Each structure stands twice: as structure tokens, then as C-alpha cells.
Amino acid sequence: MIYFVGAGSGAPDLITLRGDRLLRQADCVVYAGSLVNPALLEACRPDCALYDSARMTLEEIVEVMVQAEKKGGLCVRLHTGDPCLYGAIREQMDALDAAGIAYEVVPGVSSFCGAAAAAKAEYTVPGVSQTVILTRVAGRTPVPAGQELSALAAHQASMVLFLSAGLLEKAQQELLAGGYPAETPAALVYKATWPEEKVVRCTVSTLAASARENGIEKTALVLVGRFLGEEGERSLLYHPAFTTGFRKGQEP
Ligand code: SAH
């Protein structure tokens, strides 16, 4: 059996109990060495075979899984954050389907959640934004037509950019061209939930300069939107006058 496990955003105690249990049992672990905290691997058995996927191709990764399965072993494919975002798990699952090998996915704390925690922010502030756009600026991997940052910026929603810390001049230009006012609050969150975590607050127009000043080139998320500012309304959910299925609202 193969388990795709989300390692969480960095701090080793952010992996789920289920993920930790599987790591402790595993005969083989293929981990994303570029971003997974190596401290997590200390949970593995001394005889567990460890493979760093940063140095492997898809074919090599699948071969390790196939061999593990042949031996009747338990193989963990350890992805950073949650495997469902920029984890390239679909192609691995397709290959396992083709080989007739069963697998399960164990979710994890994505870095966009870790980054919100670091910035002490809520993406969905009433009256400001009820939508979160998770995206990236086009780099060596292009984005499909219609999903350019400038097109998405038109929504003025809360936005999180993955894989974009090295392309901030371009990101900034597109965000401004798409309609975010220059003074829209933004933040760079470097290594969220790691000991070296850093939150740099800026505006859309100072994203690239702020990254340069702080030496941030990778392993960072870009947060953009008025949710990072002061404005916002209180929620209806906890308003004294609001009736829910659990609580009767009081007349003003
Ligand atoms: N599946 C992962 C994302 C993998 S893509 C997740 O759910 O978080 C890799 C990108 O994620 C990095 O380029 C960076 O933009 C972001 N990232 C991953 N871990 C991060 C962290 N701890 N802090 C900030 N950004 C992080």
C-alpha cells in the first residue's frame, strides 16, 4: 500500500497523527527533500529506506513504489504542506492506477494555512473578501489562458501566490495591471512555521523591493489583499441579533 502524506508546512509537529503513525510504520519513504523538514524523518524505523524525490524523476519514484509494493511493504510518499497543491500527485496516482497498486491520501497543513497563522490573518474577512485564490505566476510552468494574474486580480479577492517568490517583478506588474490598487496590503511569508519564519508586510507596489531588501528568493508565499489591512465587519455568525440553528438571536 502506498500513502501520499502531507508533511505540513514545516514545523515537524504539524504533521497529522495519521501521517506520523504511517511514517513510524513505513518500510520506505520517498520525501520531497527540497521542502520537507528532515526532522520528520527521525520518526522512521532505522531500517526504513529513504529516498529524496528532489533528485528523482517520476519514473524513478514510481519504480521505488512498485518495488516496495512487490515486497508487500508500506511506502509513504511524503509531500510538503498538503499533497493536493502543486504536489504533482495526479501523475503518480495515474501511474499507480496503471500498475494496479492501491493508495490513499493523508492530508496535511498547507503552507497557505501556515502563512495565515504566521501573519495572524483571516483570508475571509466579512465585507472585505469571501474568496481565496490560490495561484502562481507563470514561470517555467505556464498557466492556462484566462488564469493570468492580471485576470484573477480583477476579483480583488484574497490571493496567495505559490512558487512565485523569484518572479516578483512580473507578479507585481500583473497584479497592478489587473486592478489591485498600488497601496493594497501584501505580505511575504518566508518559511512559515519553520524556526526561521519571517513575515514581511508591504504593499502590492513594493513586493519586489521588499523581497530584495529581505533576501527572500524562494520558500515563500505572497499574500495579497485587503484582508491584511484593518478594515472589515464583524461576522453575523457571532452577532447577538443573529439567529442560527444553535442559538436564538436577541431583539435589539
Ligand atoms: N503542497 C505544498 C506546496 C508545494 S509548492 C503546500 O501545500 O504548501 C512549493 C511552494 O510552496 C514554495 O515555492 C513556496 O511558495 C510554498 N511553500 C511551501 N512551504 C512553505 C513555507 N513553509 N512557507 C512559505 N511558503 C512555502
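The values are calculated or read from the model by the stated rules, or taken from the named source; none is laboratory data. Keep in mind it's a predicted model, so treat the numbers as computed, not measured. A quick note on method: Cβ atoms are made from the backbone with ideal geometry, for glycine too, and the neighbour counts reach across all protein chains shown. Heads up: the accessible areas ignore ligands, DNA and RNA and are worked out on the full protein's heavy atoms, side chains in. Shrake-Rupley method; radii C 1.70, N 1.55, O 1.52, S 1.80 Å.
Can you give the helix-only mean residue ellipticity at 222 nm for the chain, where every DSSP H stretch with n ≥ 4 adds -39500 (n - 2.57) and the sum goes over all residues, rounded to the nearest 500 deg cm²/dmol?
It comes out at -7500 deg cm²/dmol, rounded to the nearest 500.
With angles folded into 0 to 90 degrees, how steeply does helix 58-70 sit against the dominant principal axis of the chain? Use alpha carbons for both and round to 10.
50
Output the Kirkwood hydrodynamic radius of segment 91-130, Cα pairs only, in Å rounded to one decimal.
13.3
For segment 96-159, max minus min Cα coordinate along each principal axis, in Å, sorted largest first?
Computed over segment 96-159, the largest-to-smallest principal extents equal 48, 30, 20 Å.
Sorted by packing (mean other beta-carbon atoms within 10 Å per residue), highest first, where do 114-123, 194-203 land?
Order by mean packing, descending: 114-123, 194-203.
Please report the carbon-and-sulfur percent of the accessible area for the chain; probe 1.4 Å, protein heavy atoms only, DNA, RNA and ligands left out.
54
Could you tell me the extents of segment 32-77's C-alpha atoms along the three principal axes, largest first, rounded to whole Å?
Dimensions of segment 32-77 along the principal axes of its Cα atoms: 29, 24, 12 Å.
Using a Debye calculation, one point per C-alpha and no hydration shell, please list log10 I(q)/I(0) for segment 156-206 at q = 0.20, 0.21, 0.31 Å⁻¹ in order.
-0.72, -0.78, -1.37
Where both residues lie in the chain, what percent of DSSP beta bridges are antiparallel, nearest 5?
40
Per 5 Å bin, what is the whole-percent P(r) computed from every C-alpha pair distance within segment 92-233?
In whole percents, the pair-distance histogram is 2, 10, 19, 21, 18, 12, 7, 5, 4, 2, 0.
Based on the alpha carbon coordinates of the chain, what radius of gyration and maximum Cα-Cα distance (Dmax) apply, in Å?
Final numbers for Rg and Dmax: 20.8, 68 Å.
Could you tell me how many degrees, from 0 to 90 and to the nearest 10, lie between the Cα long axis of helix 168-178 and the main elongation axis, the longest principal axis, of the Cα atoms of the chain?
50
Whole number in Å², please: accessible area per residue of segment 45-98, 1.4 Å probe, ligands, DNA and RNA not counted.
Spelled out: the 1.4 Å probe surface of segment 45-98, per residue, equals 56 Å².
How about segment 1-74: which trypsin sites (Lys or Arg not before Pro) there lie in a loop by DSSP and see at most 15 other Cβ atoms within 10 Å?
Loop-located and lightly packed - LYS71.
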